[in-house]
1. State yes or no: is Leu199 farther than 25 Å from Leu38 by Cβ and touching a residue at least 12 places away in the same chain (Cβ under 8 Å)?
2. With the structure loaded, tell me whether Val9 is surrounded by fewer than 18 Cβ atoms within 10 Å (Cβ to Cβ), at pLDDT 95 or above and part of a strand (DSSP E or B) or whether it fails that test.
3. Given the structure, is Ala231 closer than 29 Å to His147 by Cβ, among the small types (Gly, Ala, Ser) and open to solvent by 10 Å² or more (accessible area, probe 1.4 Å)?
4. How many residues, within the stretch 33-61, are open to solvent by less than 20 Å² (accessible area, probe 1.4 Å), in a loop (DSSP other than H, G, I, E, B) and within 22 Å of Ala19 (Cα to Cα)?
5. For the stretch 64-82, what are the residues that are among the hydrophobic types (A, V, I, L, M, F, W, C) and either part of a helix (DSSP H, G or I) or open to solvent by less than 30 Å² (accessible area, probe 1.4 Å) (or both)?
6. Would you mention how many residues in the stretch 171-226 are basic (Lys, Arg), over 19 Å from Asp119 (Cβ atoms) and within 15 Å of the chain's Cα centre (by Cα)?
7. Give me the pairs: first residue in the stretch 269-281 and within 13 Å of Glu252 (Cβ to Cβ), second residue at pLDDT 95 or above and of a type in the set (Lys, Arg), beta-carbon distance under 8 Å, and six or more apart or on different chains, which are they?
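The values are calculated or read from the model by the stated rules, or taken from the named source; none is laboratory data. Everything numeric here is computed off the predicted structure, so don't read it as measured data. Every residue, glycine as well, gets a Cβ built from its backbone with ideal geometry; the counts of neighbours run over all protein chains shown. Just the protein is used for accessible areas: all its heavy atoms, side chains included, with ligands, DNA and RNA removed. Shrake-Rupley method; radii C 1.70, N 1.55, O 1.52, S 1.80 Å.
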Amino acid sequence: MERMSAFSVKRPKSVAEAAALLASEPGARLLAGGTGLLPNLRRGIECPAMLVDLGAVHDFASIVFTDEGLSLGAGVTLSRLAADARIVHGYRAIAEAARTVAGPSHRSVATVGGNLCLDTRCVFYNQSEWWRATNGYCLKRGGEVCHVAPQGRHCHAAFSGDVAPALLVLGAEVELVASRGTRRIELSALYRDDGAAHLTIAADELLARVFLRTPPAGLVSGYRKACVRGAIDFPLAGVACALSVRDGELAELHVALTGTNPQPIMLAGTDALLGRPVGADTLSSLAKLVQKQVSPMRTTATASNYRRQVASVLARRLLRELSA
């Protein structure tokens, strides 16, 4: 780890004040739990002049249930998300995803917003300053070559947040706040297929809240991941599913994946599986959809094709388990 560069710390009391600070200092970074940001600061990957500490922002960590659904403050910790009985009961995939992140001490401070905005990862990027300098840096930060795919101009660093796919299959929306106004978008619109700039959020915006509708009767959901170690590790592949079964046949199916692409992806083509029983043919069709749409590259210590196969196996197992 490197010695961190100097920076100032501001502690706003409201979302509006935090947005104004972001607008006043280009390059300022938001600090909530800090479990993703602080390692980057120590490695010299991030060198902001200002940190905006969100720990004192009013109503930033509230969980609100209404007749319409659920509203989550971006400052809700993952440990609260995993333990809330109402979320476990009505939005199980979210609780399961939160429970898989890192270790208990991380989850006690890591936040929903931080996990959704997690920086993309690559073995050529998440290294010390001297290591990256020796290798001429990379396309994502400071260099001109992607060491994963040197002939291209596309960064393949992978998004590895666990909570995003669980929220995606449940149709989440997010509220983004800036000093110039507020906008509400579908969570899927927060991401793009670019490892170097995977978020569509503007530099002067912050993610304030997440909104979910009440799931329809009969909808069940879950999340599963594979990682190198049993705990405290990012996913090599993670899969979330939300589905309902009627008269022995799939009536609704949504699948999202993480860990394989520069953005979390909603699996396309699942409508073709509706009206079919969850048997060998349906499971095989789902596995083929996953293998065609995920695009893992050499961004981790494991082989790309292994991660593709793992993703398809996780999806098959989760669909079979939830449909039962």
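1. No, not satisfied.
2. yes
3. yes
4. Counting residues in the stretch 33-61 that are open to solvent by less than 20 Å² (accessible area, probe 1.4 Å), in a loop (DSSP other than H, G, I, E, B) and within 22 Å of Ala19 (Cα to Cα) gives 5.
5. Leu70, Leu72, Ala74, Val76, Leu78, Leu81, Ala82
6. Within the stretch 171-226, residues that are basic (Lys, Arg), over 19 Å from Asp119 (Cβ atoms) and within 15 Å of the chain's Cα centre (by Cα) number 2.
7. Val278/Arg320
Matching residues to (1) on the phi < 0 side of the Ramachandran plot; (2) surrounded by 20 or more Cβ atoms within 10 Å (Cβ to Cβ); (3) of a type in the set (Ser, Thr, Tyr):
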position: Pro262; (1), (2), (3): yes, yes, no
position: Gly269; (1), (2), (3): no, no, no
position: Arg276; (1), (2), (3): yes, no, no
position: Ala280; (1), (2), (3): yes, no, no
position: Ser284; (1), (2), (3): yes, no, yes
position: Lys292; (1), (2), (3): yes, no, no
